[in-house]
Each structure stands twice: as C-alpha cells, then as structure tokens.
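Single-structure report; data block below.
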Amino acid sequence: MTAEFIATDRREARAHAIVPHSPARAELDRLWKRGRGFLGTELAVMGGAMTWVSERNLVAAISNAGGFGVIASGSMSPALLDKEIAATAALTDRPFGVNLITMHPQLFELIDVCLASSVGHVVLAGGIPPGAAIARIRDGGARAVCFAPALVIAKKLVRSGAEAIVIEGSEAGGHIGPVSTAVLAQEVLPHVSEVPVFVAGGIGRGEAILSYLEMGAAGVQLGTRFVCAYESIAHPNFKRAFVRASARDAVPSVQLDTRFPVIPVRALANPATEQFAAIQRGVIERFSRGELSQKDAQLEIEHFWAGALRRAVIDGDIEAGSLMAGQSVGLVTREQSTVEILDELVAQALAVIAKRRDRDE
Ligand SMILES: Cc1cc2nc3c(=O)[nH]c(=O)nc-3n(C[C@H](O)[C@H](O)[C@H](O)COP(=O)(O)O)c2cc1C
C-alpha cells in the first residue's frame, strides 16, 4: 500500500477502497487533474444539483465519497438556504457547492448567504448570469461556476469572470437546451482552455466520463445517476419509476403552439405529460375563441407544472407530479450507495484505460 492510500479517516478509506492505485488510475488522475484541483476533490465528478433531491443528505454523501456535492437551492429563501448549508456542513468536512437559479429575485442575498457560510463554489444556473453576480461571488472569495449553452456564451462568461463552465446537453434531466452533449462538447471543449469545463447530460457510465476527459473536459457532472442513491431522499415511488424506465421514456416537454412557448424539460412520460398536452389544447382553443388573453393563456400553461417536481420527489405522486429525468435513466438499474455509484463509474473508466494499456504493451 502506498502512502497515497493510507486513509486519514474511514470515509476516505471507503472512497479509495475499490479504486486502488495503478498505472490506469494514475492516467485517469492525470486526465482529470485540473477538475480535481478546481473542486478540491478526489474525483472530478460533480453531483448536478437537483431541486428537492440535492439536499443535505445526498450532497454530503457525494462529497464524502470523493465527488463534489452541490445543493440545489431552487426557490429557497436566504434563511432556508443558510440552514441547508449548515446542515450539509455538519455531515461532511469535504468541499461542496451551492447551485443558485439566476432569475431568483433574491439572487444577491443568496450569494451573500453562501459567502457568509464560506461555501467554496457557487454554481449559477437557469439563464445567463449578470456579471455583477459573478463579481460578487469572486470578490467574496468563492469560485464562480456558470452554465454555457453554446461556445459564444462560454467565451462571454469567461470574459465576465466565470472560473469554470458547465456545458449540459439535451440528454440531461430537468430544464434542457436544444443541443446534445456530444455536439456541445465538440463545439466548446477544443476552444475553451482558459478555465476548466465540466460536461453534463446523458453520462451514466465511466467509459463516457473517460471519453469527455480525453476530449479536454476537466470533469463531469451527473444528476440522474444519483437519484436512486440510498442517501437520496427521493420518494420510493420516484426511485422505482427511475429503475423501471428506459432511455426512451425520458422525453422533452411538448409545445403545441409557437405562440405559447413551453420551457423544454426532460422528464419521464406519465399521465401528467398527457394532461399537459390536453391543457395546452384547451387553452389554445379558448384563446382562439377570444375567451382568454394571450397573457392569461400563457400563465395558465406555465402554472400547470407549479409544484409538480415536489409532488413527485417528496410526496411520491408519480402520476400527477413531474418525473424529471435524463436519458441516462436507462442505466439506473437499482438503488445503490453513493460510494458504490462513484466506484462503479471510476472502475468502468479504469477498465478501458487498463485494456488499452494491455493491448498496446
Ligand atoms: C430531478 C432533476 C432536477 C434537477 N434540478 C436542477 C436544478 O434545480 N438546477 C440545475 O441547475 N439543474 C438541475 N437539474 C440538472 C442536473 O443538475 C444535472 O446537470 C443533470 O441532471 C445532468 O444530466 P443527467 O441527468 O443526464 O445526468 C436537475 C435534474 C434532474 C434529473
């Protein structure tokens, strides 16, 4: 056993147990060195923030297992976020981050809560963040991480001070853009070297992680794969739906009329999905008959999903709730511990490297 493996505590021992030192491990560590350095972690794997799912338990579990947990603040108030950060810090002494939704009306207060709690990394999601938000994070001593849906935006965000970029393709669960991870990675990775870039969307196995690292990614971000961790508080019904689903069940929300835009969200098809189409049809008919203004019609459509993710994740209502999930849901086959999930991903990446080395020797 090399000094590198003499664990300083039991959690570290668990994180190392199944991925011992080897030439393959050294190669993997070289490939994701920049991501590990940026996050301050053993593995350059971010647990993508998932509203209602990524709370203290899952976030701490991911960080304790060597990854980087991220709290999903969703629509939390500053006081609630403050409590969640403290509760997470009580469960882990490893680095973790906080994901803030850019259009939250109290964005700057939420940033201040993160800074006051010495959160090391703040991820700005859900729209292009104002430069002032990035500056506030950096001035307060934290690292600013931003989502970029295209190369030009990645470049712009780097100029505005973003210290790392996440590119998330349309295979992902939750709110999605129009471009696949495979194409976005080719568009962005060769051209952004100023800051580390993390790739997200559709990653469910270690082979895929390795391939993005070899294309120049500093690390990856996974959401769907962590939903069925034992430590995830998602309702058993929600987890069961994930285990049963295949990739093709995770579909984007459907928009029936360009006059009434629908924010694209990838989720498992369920009765609510069909009802959403029926609601849109009804609203459009009433609008056409002059019974509804365009604004009220749009509001009625937008209102449909209000509270729906909570209904599914927390209450377990998988008929009327929103089952946000990425296409990698097809690779979720059972409930597993977070350590096991991460070890499996690393082992899959290592197996490819080892096989290649054997072949080339
Ligand atoms: C149930 C669910 C909820 C999510 N909520 C958020 C969120 O609140 N904020 C965010 O930035 N991303 C959210 N995401 C996206 C994840 O953070 C992550 O980027 C994505 O899941 C990665 O793709 P994958 O699902 O293919 O692994 C959510 C994803 C899921 C599946």
Report summary line: Given the conditions (1) open to solvent by 50 Å² or more (accessible area, probe 1.4 Å); (2) within 25 Å of ALA308 (Cα to Cα), every one holds for LEU110 apart from (1)
Report summary line: Across (1) of a type in the set (A, V, I, L, M); (2) open to solvent by 70 Å² or more (accessible area, probe 1.4 Å); (3) more than 19 Å from the chain's Cα centre (by Cα); (4) over 19 Å from ILE176 (Cα atoms), VAL283 clears everything bar (2)
Report task. Check segment 74-90 and report whether any residue there is under 29 Å from TYR212 (Cα atoms) and open to solvent by 10 Å² or more (accessible area, probe 1.4 Å). Result -> yes
Report summary line: Taking segment 45-63 and keeping only residues that are more than 15 Å from the ligand (Cβ to nearest atom) and open to solvent by less than 10 Å² (accessible area, probe 1.4 Å), one is left with ALA60, SER63
Query - Flag for ILE301 being away from the ligand (no atom under 16 Å from the Cβ), open to solvent by less than 40 Å² (accessible area, probe 1.4 Å) and within 27 Å of the chain's Cα centre (by Cα) - result: yes
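For (1) under 16 Å from ARG244 (Cβ atoms); (2) within 16 Å of the ligand (Cβ to nearest atom), each residue gets a yes or a no:
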residue	(1), (2)
ARG310	no, yes
ILE314	no, yes
GLN327	yes, yes
GLY330	yes, yes
THR333	yes, yes
GLN336	yes, yes
GLU340	no, no
Report summary line: Looking across segment 225-252 at residues that are surrounded by 21 or more Cβ atoms within 10 Å (Cβ to Cβ) and over 22 Å from VAL45 (Cα atoms), the single one that is farthest from the ligand (Cβ to nearest atom) is ALA241
Query - Any chance ILE263 is open to solvent by 60 Å² or more (accessible area, probe 1.4 Å), under 23 Å from SER75 (Cα atoms) and either in a loop (DSSP other than H, G, I, E, B) or touching a residue at least 12 places away in the same chain (Cβ under 8 Å) (or both) - result: yes
Query raised in the report: Any idea which of (1) in contact with a Ser or Thr (Cβ under 7 Å, 6 or more places away or on another chain); (2) under 30 Å from GLU335 (Cβ atoms); (3) outside any strand (DSSP E or B) is the one GLU274 doesn't satisfy?
Result: (1)
Report task. Could you give me the residue pairs with C-beta distances under 7 Å whose first residue belongs to segment 294-305 and is in contact (Cβ under 8 Å) with a residue 12 or more places away in the chain, whose second residue is buried (at least 17 other Cβ atoms within 10 Å of the Cβ) and not aliphatic (A, V, I, L, M) wherever it lies, and which are 6+ apart or on separate chains? Result -> GLN294/PHE287; ALA297/PHE260; ALA297/PHE287; GLN298/PHE260; ILE301/PHE260; ILE301/GLN280; PHE304/PHE276; TRP305/SER322
Query raised in the report: Scanning segment 113-126 for residues that are open to solvent by 10 Å² or more (accessible area, probe 1.4 Å) and part of a helix (DSSP H, G or I), which turns out nearest to the ligand (Cβ to nearest atom)?
Result: VAL113
Query raised in the report: Quick one: which of VAL195, VAL145 is of a type in the set (A, V, I, L, M, F, W, C) and either farther than 22 Å from LEU81 by Cα or in contact (Cβ under 8 Å) with a residue 60 or more places away in the chain (or both)?
Result: VAL195
Report summary line: Pairs returned, first residue in segment 347-361 that is of a type in the set (S, T, N, Q), second residue that is outside any helix (DSSP H, G or I), beta-carbon separation under 7 angstrom, 6 or more apart or interchain, are GLN348/ARG205
Report task. Among the numbered conditions (1) within 16 Å of the ligand (Cβ to nearest atom); (2) open to solvent by 40 Å² or more (accessible area, probe 1.4 Å); (3) under 20 Å from the mean Cα position of the chain (by Cα), tell me where THR273 comes up short. Result -> (3)
Report summary line: The lone condition VAL98 fails out of (1) open to solvent by 50 Å² or more (accessible area, probe 1.4 Å); (2) of a type in the set (A, V, I, L, M, F, W, C); (3) under 27 Å from ALA182 (Cα atoms) is (1)
**Report entry** Matching option when the condition is outside any loop (DSSP other than H, G, I, E, B), of a type in the set (Ser, Thr, Tyr) and buried (at least 17 other Cβ atoms within 10 Å of the Cβ), among SER322, SER328
**Finding:** SER328
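The values are calculated or read from the model by the stated rules, or taken from the named source; none is laboratory data. If you're wondering where the values come from, they're calculated on a predicted model, not measured in any experiment. Please note: Cβ atoms are built from the backbone with ideal geometry, for glycine as well, and neighbour counts cover all protein chains shown. Note: areas computed on protein heavy atoms with side chains; ligands, DNA, RNA excluded. Shrake-Rupley method; radii C 1.70, N 1.55, O 1.52, S 1.80 Å.
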